[in-house]
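Okay, structure first, notes after.
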Amino acid sequence: MTKKTALFTSCAVNYIPKARLLAESAKAYAPEADFWLLLGDELHPAINLAQEPFDYLKPARELDIPNYRSWIFQHRIVEACTAIKPFMLRWLLQQGYERVIYFDPDIVLFHTLEVIEDGFKTGSILLTPHICEPEDGREAIEDNELNSLKHGLYN
């Protein structure tokens with residue numbers, strides 16, 4: 001059985017409050033989609049998932065990452081939460097989702113996903129760049145454009 005759309009974010013436990021807001025907004029603007037939280041570290045026992053807006057939680061350690069323990073310790077937590085995303089994408093597609101959409105955990109939706117869904121009508125992969133217009137000021141160039149050259153233009 002093919003499932004329609006999976007939305008997911010990846011974060012560490014300290015970012016769960018931000019991911020919670022994203023999930024709540026996703027429920028408001030994309031209620032038909034399944035919302036997955038990909039957790040880059042271990043869940044704190046004080047967090048009760050039954051009270052959270054996430055449909056599903058997937059610990060990174062459960063993804064098919066070769067030599068996971070040594071691999072994860074090669075990354076700082078922010079890097080790890082970024083590096084686990086393609087493994088989750090592959091896993092969700094293997095679960096039968098037609099579309100998988102990733103959002104950073106510090107995003108909140110204010111509109112339906114209609115524009116994104118329309119993009120899937122003509123393409124199988126959609127990318128959103130970190131910047132769309134050249135920066136003018138020196139500080140903005142150093143912060144945004146040089147970081148994009150170092151770390152990539154896309155998430």
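The values are calculated or read from the model by the stated rules, or taken from the named source; none is laboratory data. Source: prediction; values computed, not measured. Note that each Cβ is placed from the backbone with ideal geometry, even for glycine, and that neighbours are counted across all protein chains shown. The accessibility values were calculated without ligands, DNA or RNA, using every heavy atom of the protein model including side chains. Shrake-Rupley method; radii C 1.70, N 1.55, O 1.52, S 1.80 Å.
Brief remarks follow.
- In the chain, the sites counted are trypsin sites (Lys or Arg not before Pro) in DSSP loop states with at most 16 other Cβ atoms within 10 Å, and the longest stretch holding none of them, exclusive of the sites, is 1-75.
- Computed over segment 49-91, the alpha-carbon pair-distance distribution with 10 angstrom bins reads 25, 50, 23, 2, each value a whole percent.
- Loop-located chymotrypsin sites (Phe, Trp or Tyr not before Pro) in segment 1-78 (DSSP state not H, G, I, E or B) with no more than 11 neighbouring Cβ atoms inside 10 Å: PHE73.
- Heavy atoms of the protein chains alone define the surface here; on that basis the chain has 64 Å² accessible area per residue at 1.4 Å probe size.
- Stokes-Einstein D for segment 4-49, Kirkwood Rh over Cα pairs, 37 °C, 0.692 mPa s (µm²/s): 294
- Carbon + sulfur, % of accessible area of segment 1-139 - ligands and nucleic acids excluded, 1.4 Å: 54
- Kirkwood hydrodynamic radius of segment 28-120, from the reciprocal of the average inverse Cα-Cα distance over all distinct pairs: 14.9 Å.
- Area of SER148 that stays accessible when all protein chains are in place (1.4 Å probe, Å², to 10): 20
- The candidates THR122, THR9, THR128, arranged from most to least accessible area with a 1.4 Å probe in the full protein assembly, appear as THR122, THR128, THR9.
- Over the chain, the hull volume per residue, using the convex hull of the C-alpha atoms, is 145 Å³.
- Exceedance of the 20 Å cut-off in Cα-Cα distance is limited, within the set LYS85/LYS121; LYS27/LYS121; LYS58/LYS150; LYS4/LYS121, to LYS85/LYS121; LYS27/LYS121; LYS58/LYS150.
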